[in-house]
Amino acid sequence: VQLQAYGGGLVQPGGSLTLSCAASGSISSVNLMGWYRQAPGKQRELVAAITSEDKIKYGDFVKGRFTISRDNAKNTVYLQMNSLKPEDAAVYSCRLITSGPYDYWGQGTLVTVSS
């Protein structure tokens, strides 16, 4: 199973980005797909996750700015990020948990928020 993340880049404060993560390979039942981030010198933290039952959890810092969604047919998870702040800058990684359970991580995509 491989996870490929797309959509990172440089954005100005207040701007928006959409990240996507596509899972490929032999994928059994998907339990959860989500996004985590890690900034330099900080621990990795949950950004948003969505379960197979469409239960969603956001990190406390999101405060309505981000939206996670999933395309089950494509095994792809999206993260729409609005009102980005400099403190949102980090490497964003996607995670897939399948039945087993098996836990997979993508390499990450860098988000830079700067003017």
Only one of S115, S93 that is in contact (Cβ under 8 Å) with a residue 60 or more places away in the chain and part of a loop (DSSP other than H, G, I, E, B): S115
Residues located in the stretch 87-115, provided they are surrounded by 13 or more Cβ atoms within 10 Å (Cβ to Cβ) and of a type in the set (G, A, S): A89, A90, S93, G106, G108
Identity of the residue in the stretch 23-59, in a strand (DSSP E or B), more than 11 Å from the chain's Cα centre (by Cα) and surrounded by 15 or more Cβ atoms within 10 Å (Cβ to Cβ), that ends up modelled with the lowest pLDDT: V30
So G15, is it open to solvent by less than 40 Å² (accessible area, probe 1.4 Å), under 18 Å from T109 (Cα atoms), outside any strand (DSSP E or B) and at pLDDT 95 or above: yes
Candidate set from the stretch 60-86 (those that are small (G, A, S) and outside any loop (DSSP other than H, G, I, E, B)); member that is surrounded by the fewest Cβ atoms within 10 Å (Cβ to Cβ): A73
Pick from the stretch 1-12, criterion out of contact with any Gly (no Cβ under 6 Å at 6 or more places or on another chain) and in a strand (DSSP E or B), ranking: surrounded by the most Cβ atoms within 10 Å (Cβ to Cβ): V11
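The values are calculated or read from the model by the stated rules, or taken from the named source; none is laboratory data. Quick caveat: nothing in here was measured; it's all calculated off a predicted structure. Virtual Cβ from ideal backbone geometry, glycine too; neighbours counted across all protein chains shown. These accessible areas exclude ligands, DNA and RNA; they are computed on the full protein's heavy atoms, side chains included. Shrake-Rupley method; radii C 1.70, N 1.55, O 1.52, S 1.80 Å.
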